[in-house]
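Below: one structure, written as structure tokens.
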Amino acid sequence: MTLLKDRPTAEAPPPFLADTIWSDRLFSGGWVASRGGRLEVVEPATGGVLSRVGRAGRDDVAVAAAAARAAQPAWAALPPDARQAVLLKAAALLVEKADEAAPWIMRETGSVGAKAAVELEHAAGFVRQAAMMATEAQGLLLPSSDGRLSMARRVPLGVVGVISPFNFPLVLSIRAVAPALAAGNAVVLKPDPRTPISGGFLIARLFEAAGLPTGLLHVLPGDAEAGDALCRDPNIAMIAFTGSTAAGRKVGEVAGAHLKKVALELGGKNALIILDDADPDVAASNAAWGAWLHQGQICMTTGRVLVQQGLHDAVVERLVAKAAHLPVGDPTTGRVALGPLISQPQLDRVRAIVADTVAAGATLAAGGPGEGLFFPPTVLTGVRPGMRAFDEEIFGPVAVVTAFADDAEAAALANRGDYGLSAGIITGSVGRGMALGEQLDVGHLHINDQTVEAGPHAPFGGMGASGNGSRISGPANLDEFTTWRWTTVKTAATPYPF
């Protein structure tokens, strides 16, 4: 008789995100060795090496783009519900594997667990939303005066190149990858080299397991060389870029010179306007969340806290108290509110902006330089236009507080500069908030909310230096990832005068 404890046990299946899958590799027609060398993925909280992945060079981009172009027509020819089924399966897998994916987001980006959970939830929503778009109406019947049938149809662009950043790597990659695929395109994705797993290989694994045909999705971590190659490659019809305004200008210049469609989602210097009829406790809570969430490393971060004079001191007092009680540290080791900044150069920049602003006359009311890559929640008061903290996107956990006298001055301060992404208004009067909001030059306006808002169903994008007027997500996706084809049909050919 064999006892249960003596029976051989089945081996546990390998992890869905096993490091051995992508070690020194790219995803391009399968998991392949790179031609451009390799990248080390460093955990910002500890400085330790998390993984080693392939580094895409120009040759890798050229091979991937050609393969994507060859594979795309068959994918576009499939019935829309077949494409939809692949996306829905990928979304379900993302939910199923969320517990395995969350630590990669935390360790690659330095995010706390709650931020990773929200990112995973939103990413699944973006994929589901994209899946629905595959079966939406794809065109219009146009008027015709000569008896012919005249139609305008949406058709895929071909191959879409996606360049995504480090801060919300999964969401900011998949929100472009999924709708591009749903519309019948192939995709070449270049995630930030600091976050290639959560921003790239996780997506590759999802669609690989969901049954996406080979050749339609390529994931090529790389630096500026790979990005430049994407912008120049003749097989790529569109570039969807999310990142800094400076980098976006270069992408637009190179891709535009090659007559590609370009969608640029760039930086922001977003204002949260707190009117004197607001509750100071609620207002301070919104300001803290908007300014310090994910260490302020979000394009929608509250970059200016504009407070009406009568409420200024009360809001500042509450912000300073919050800053003193929010723990900062390694998100994987305990309950912390803020993790590390992504890199030493970014930390140096945040420190320099704070120091220069204080030297120019502002007051450091809370926070300031920390240790390692950790920068505590910081409050600067007395900040005026012309100071670096007022004018520049910081990408760090700094609440920049400026007092204003009336609604007209608030609008002028909020609109100052080239950015135009997001704005929030906290007020006891919705009518007053709406009237003020109409004066703001932004792509997103949130009455009685802070500035960090996004979702699968809402068009996302900014104005001015925050983007080139393009929008992504929700009803904007068909416009973004397809183009119009005019088609006419006559029952029979008829002669012309010649």
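The values are calculated or read from the model by the stated rules, or taken from the named source; none is laboratory data. Nothing here was measured: the structure is a model prediction, and the numbers come from that model. Glycine gets a Cβ as well: all are built from the backbone with ideal geometry, and neighbour counts include every protein chain shown.
Among the residues of the stretch 236-265, those that are surrounded by fewer than 20 Cβ atoms within 10 Å (Cβ to Cβ) and farther than 22 Å from residue 459 by Cα comprise 246, 247, 250, 253, 254, 256, 257, 258, 259. Under the condition of being in contact with a helix residue (DSSP H, G or I) (Cβ under 6 Å, 6 or more places away or on another chain) and within 18 Å of residue 284 (Cβ to Cβ), the residues counted in the stretch 376-397 number 6.
Among the residues of the stretch 35-85, the ones that are farther than 24 Å from residue 159 by Cβ and of a type outside the set (Asp, Glu) come to 13 in all. Taken together, the criteria place residue 362 among residues that are touching a residue at least 12 places away in the same chain (Cβ under 8 Å), at negative phi and in contact with a Leu (Cβ under 6 Å, 6 or more places away or on another chain). Quick check: anything in the stretch 193-210 of a type in the set (Val, Ile, Thr), touching a helix residue (DSSP H, G or I) at 6+ places or on another chain (Cβ under 9 Å) and more than 21 Å from residue 101 (Cα to Cα)? No, the conditions are met nowhere in the stretch 193-210. Taken residue by residue, the stretch 68-83 has no member that is at pLDDT below 95, of a type outside the set (Ser, Thr, Tyr) and surrounded by 15 or more Cβ atoms within 10 Å (Cβ to Cβ). Here 118, 162, 155, 187 are screened, and the one residue that is among the hydrophobic types (A, V, I, L, M, F, W, C) and over 17 Å from the mean Cα position of the chain (by Cα) is 155.
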